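Okay, so here's the structure we're looking at.
The values are calculated or read from the model by the stated rules, or taken from the named source; none is laboratory data. None of the values given here were measured: they were computed from a predicted structure. Don't worry about glycine lacking a Cβ; one is built from the backbone with ideal geometry, like all the others, and counts go over all protein chains shown. Just so you know, the surface numbers come from the protein's heavy atoms only, side chains and all, with ligands and any DNA or RNA stripped out. Shrake-Rupley method; radii C 1.70, N 1.55, O 1.52, S 1.80 Å.
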Amino acid sequence: MVTKYGYPIIITTGIILVVLVILSFLTSVLVLQWITIIFALFFIFHFFFFRDPDRRIPVDPNLILSPADGTVFSIDKVEENEYIKEPSWKISI
């Protein structure tokens, strides 16, 4: 599944890619073929970038969840003297 914000970019990249593929088959210009390959990679990247998988978020007030499919590596209590100026929790993602 792709998020709705990605559709305009994916459609635009897809249309450009189709035009480039047709042009590369009609002509034998090597530079155009390389540009087509690069646009194909952009097209694939956009699908991965704008993906919006269904997630099951656990409901527990004591859990710490990381954003964007990250991993919580450590949770440490530290002395923060620059901004908060009191003991704080440092969460490393």
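Does the range 31-51 contain any residue that is charged (D, E, K, R) and either closer than 30 Å to SER92 by Cα or in contact (Cβ under 8 Å) with a residue 24 or more places away in the chain (or both)?
Yes, there is a match, as at least one residue in the range 31-51 is charged (D, E, K, R) and either closer than 30 Å to SER92 by Cα or in contact (Cβ under 8 Å) with a residue 24 or more places away in the chain (or both).
Just one of (1) within 13 Å of the chain's Cα centre (by Cα); (2) part of a helix (DSSP H, G or I); (3) not charged (D, E, K, R) trips up LEU17, so point out which.
It fails just one condition, (1).
Filtering the range 34-61 down to residues that are open to solvent by 100 Å² or more (accessible area, probe 1.4 Å) and of a type in the set (Val, Ile, Thr), which residue is modelled with the highest pLDDT?
Ranking the candidates gives VAL59 first.
Is it true that VAL31 is in a helix (DSSP H, G or I), farther than 26 Å from VAL2 by Cα and either among the polar types (S, T, N, Q) or modelled with pLDDT under 95 (or both)?
Yes: the conditions hold for VAL31.
Tally up the residues in the range 62-92 that are modelled with pLDDT under 85 and touching a Phe, Trp or Tyr at 6+ places or on another chain (Cβ under 8 Å), please.
Here the count works out to 0.
Which condition from (1) surrounded by 10 or more Cβ atoms within 10 Å (Cβ to Cβ); (2) out of contact with any Asp or Glu (no Cβ under 9 Å at 6 or more places or on another chain); (3) outside any loop (DSSP other than H, G, I, E, B); (4) not aliphatic (A, V, I, L, M) is the one that TRP89 breaks?
For TRP89, the failing item is (2).
Just need a number here: residues in the range 62-86 that are over 23 Å from PHE49 (Cα atoms) and not in a strand (DSSP E or B).
Residues flagged as over 23 Å from PHE49 (Cα atoms) and not in a strand (DSSP E or B) within the range 62-86 amount to 9.
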